[in-house]
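A.B. asks: Input: one structure, supplied below.
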Protein chains: 2
Amino acid sequence: MTQQALAAPVADKTPRTARGQRTVRAILDAAAAEFGERGYHEGSIARIAQRAGVAIGSFYTWFDSKEAVFRALVADMSRQVREAVVPHILAAPDRLAGERAGLAAFLDFVRTHKALYRIIDESAFVAEDAYRAHYVSVAAGYASSLEQAFGKGVVSDGDWQVRAWAIMGMNVFLGLKFGVWDEGRPTAEIAAAAHALISDGLAPRR
Amino acid sequence: MTQQALAAPVADKTPRTARGQRTVRAILDAAAAEFGERGYHEGSIARIAQRAGVAIGSFYTWFDSKEAVFRALVADMSRQVREAVVPHILAAPDRLAGERAGLAAFLDFVRTHKALYRIIDESAFVAEDAYRAHYVSVAAGYASSLEQAFGKGVVSDGDWQVRAWAIMGMNVFLGLKFGVWDEGRPTAEIAAAAHALISDGLAPRR
DNA sequence: TACAGAGTTGAATACTGGTTCAGGTTTCAG
DNA sequence: CTGAAACCTGAACCAGTATTCAACTCTGTA
């Protein structure tokens, strides 16, 4: 699941050998699967170790606690989502078109990474600060990117803070509904409808 | 906190006397406080009983399990939010103005009922079906109300499903950001900015 | 006043699962 | 080859806490 290099564990607990690195990766992947399926509280260290094919003791060689792996996972995931979505936004001709492409990419990501999506959501209760950090940083990115688009005349003037959080919330809920719960409709279709809403609003054309 | 009559406990566990009713109410209120502060998993039955001023045994007279109170709470809360918000929407001259009034009311509600807000959110992981039921029903209400507004010519035609979930997500995130995390700005201001976005979109006026 | 059903009590039970630790095994530089 | 550092092992420990239960108290009706 997590194919990438691992948000580093804690303190001096960094692997010094290739062997150690492999173990850490295996544990992170196992943890992602375990927490994704069972959730944080139902998920168990023993099962994570088993999935990873290592002993419980090895787990504690690399992570200080259950919460520690979880936090490492959130950071890792936060990065993955961004990496999956941002390029699509940047590749689009303008910010508004980017919003549409970004949402479609996000929905696709969610559909293929439901576990990760769930983990980030659950971090709100297990690691509030990590959760906040994730969304605050995403929102900041949104706000500045929107403001920049305003400079180019692509979007109207307005409250960047509110707009950023609003759009983010929209995307998250569309991800939940049409990514996790209901795969019955093509992601592009959802993205198009959402794009229309964000772009022109609900008011009838005057 | 919960001043209203209690989503009924389970099966035959309904109080037959005023005395019993008082106890159930006390337990529900205590549970709201406990879960609101510590979250579901950190919250303890012993502490709920203590807060309610009853013995642990009494708790089990009225609720089958920890999860049972939590579910009762979610239902109760779902109702409270609705009751706090819907009247404002209905009182407005039209659906779009209602959206604005509704959001302001929602933000006010969240600021004064943070525990409830947290409980509903956490239900996503403790009682997925209850969480789903809550949002699915809210979304359905949104969708039909929007469609009705379309009939009156107040909003443009579009994808009701997507619009409903999008707006709901918007509101939830604005509630998180400007209701729970950051009370620095007046709720009316947030609602106005959000209203502008929903109503006219981001595209510059043509 | 007396009895029955409704409510109450909280110590004891039962169990789960995170964390520790006292050794083994592997790896690799010298 | 060799020894020390890096890693691995998993049974045992332990703390926390949901749930049970057998006995007790209230309350209101006859």
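A.B. asks: Of all the residues that make up region B:37-53, how many are within 14 Å of DNA strand C (Cβ to nearest atom) and open to solvent by less than 40 Å² (accessible area, probe 1.4 Å)? Let's see the steps before the verdict.
C.D. replies: Step one: list which residues in region B:37-53 are within 14 Å of DNA strand C (Cβ to nearest atom), which gives B:41-42, B:44-53.
Restricting the remaining residues to those that are open to solvent by less than 40 Å² (accessible area, probe 1.4 Å) gives B:44-45, B:48-49, B:52.
Total satisfying the criteria: 5.
A.B. asks: Ok, one more. Note down all Cβ pairs under 8 Å where the first residue falls in region A:37-51 and is within 12 Å of chain B (Cβ to nearest Cβ), the second is of a type in the set (Gly, Ala, Ser), and they're at least six residues apart or on different chains.
C.D. replies: Every condition considered, the pairs that remain are A:ARG38/A:SER44; A:GLY43/A:ALA31.
A.B. asks: Okay, next question. Just a yes or no: is a residue in region B:119-131 part of a loop (DSSP other than H, G, I, E, B), farther than 28 Å from A:ALA97 by Cβ and at pLDDT 95 or above? Lay out the reasoning, then the answer.
C.D. replies: Of region B:119-131, the ones part of a loop (DSSP other than H, G, I, E, B) are B:127.
Within this subset, residues satisfying the condition of being farther than 28 Å from A:ALA97 by Cβ are B:127.
Next, only the ones that are at pLDDT 95 or above stay: none.
Taking every residue of region B:119-131 in turn, none turns out to be part of a loop (DSSP other than H, G, I, E, B), farther than 28 Å from A:ALA97 by Cβ and at pLDDT 95 or above.
Condition check ((1) more than 30 Å from B:SER156 (Cα to Cα); (2) under 18 Å from the mean Cα position of the chain (by Cα); (3) part of a helix (DSSP H, G or I)) across all residues:
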site: B:THR14; (1), (2), (3): yes, no, no
site: B:GLY20; (1), (2), (3): yes, no, yes
site: B:ARG38; (1), (2), (3): yes, no, yes
site: B:VAL54; (1), (2), (3): yes, no, no
site: B:SER58; (1), (2), (3): yes, no, yes
site: B:ARG71; (1), (2), (3): yes, yes, yes
site: B:ILE89; (1), (2), (3): no, yes, yes
site: B:ARG111; (1), (2), (3): yes, yes, yes
site: B:TYR117; (1), (2), (3): yes, yes, yes
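A.B. asks: Considering only region B:59-109, state which residues are surrounded by fewer than 21 Cβ atoms within 10 Å (Cβ to Cβ), under 22 Å from B:LYS177 (Cβ atoms) and polar (S, T, N, Q).
C.D. replies: The one that is surrounded by fewer than 21 Cβ atoms within 10 Å (Cβ to Cβ), under 22 Å from B:LYS177 (Cβ atoms) and polar (S, T, N, Q): B:GLN80.
A.B. asks: Quick one: in region B:176-206, of everything that is facing chain A (nearest Cβ under 7 Å) and outside any helix (DSSP H, G or I), which residue is surrounded by the fewest Cβ atoms within 10 Å (Cβ to Cβ)?
C.D. replies: My answer is B:ARG205.
A.B. asks: Are any residues in region B:122-140 open to solvent by 40 Å² or more (accessible area, probe 1.4 Å) and not hydrophobic (A, V, I, L, M, F, W, C), and if so, which ones?
C.D. replies: At the first step, the residues of region B:122-140 found to be open to solvent by 40 Å² or more (accessible area, probe 1.4 Å) are B:125, B:128-129, B:132-133, B:136-137, B:140.
Across region B:122-140, the qualifying residues are B:GLU128, B:ASP129, B:ARG132, B:SER137.
A.B. asks: Could you list, in sequence order, the residues of region B:10-36 that are within 14 Å of another protein chain (Cβ to nearest Cβ) and within 14 Å of DNA strand D (Cβ to nearest atom)? I'd like the intermediate steps shown before the answer.
C.D. replies: Quick first cut of region B:10-36, residues within 14 Å of another protein chain (Cβ to nearest Cβ) only: B:35-36.
Correct list: B:PHE35 only.
A.B. asks: Only one of (1) buried (at least 21 other Cβ atoms within 10 Å of the Cβ); (2) in contact (Cβ under 8 Å) with a residue 12 or more places away in the chain fails for B:ALA143. Which number is that?
C.D. replies: Going through the list (1) buried (at least 21 other Cβ atoms within 10 Å of the Cβ); (2) in contact (Cβ under 8 Å) with a residue 12 or more places away in the chain, B:ALA143 breaks only (1).
A.B. asks: For region B:147-175, name all the residues that are within 18 Å of A:ILE167 (Cα to Cα), facing chain A (nearest Cβ under 8 Å) and open to solvent by less than 30 Å² (accessible area, probe 1.4 Å).
C.D. replies: B:VAL162, B:ARG163, B:TRP165, B:ALA166, B:ILE167, B:MET168, B:GLY169, B:MET170, B:ASN171, B:VAL172, B:PHE173, B:LEU174
The values are calculated or read from the model by the stated rules, or taken from the named source; none is laboratory data. Since we're looking at a predicted model, the values are computed, not measured. Here the Cβ is made from the backbone with ideal geometry for all residues, glycine too, and neighbour counts use every protein chain on show. Just so you know, the surface numbers come from the protein's heavy atoms only, side chains and all, with ligands and any DNA or RNA stripped out. Shrake-Rupley method; radii C 1.70, N 1.55, O 1.52, S 1.80 Å.
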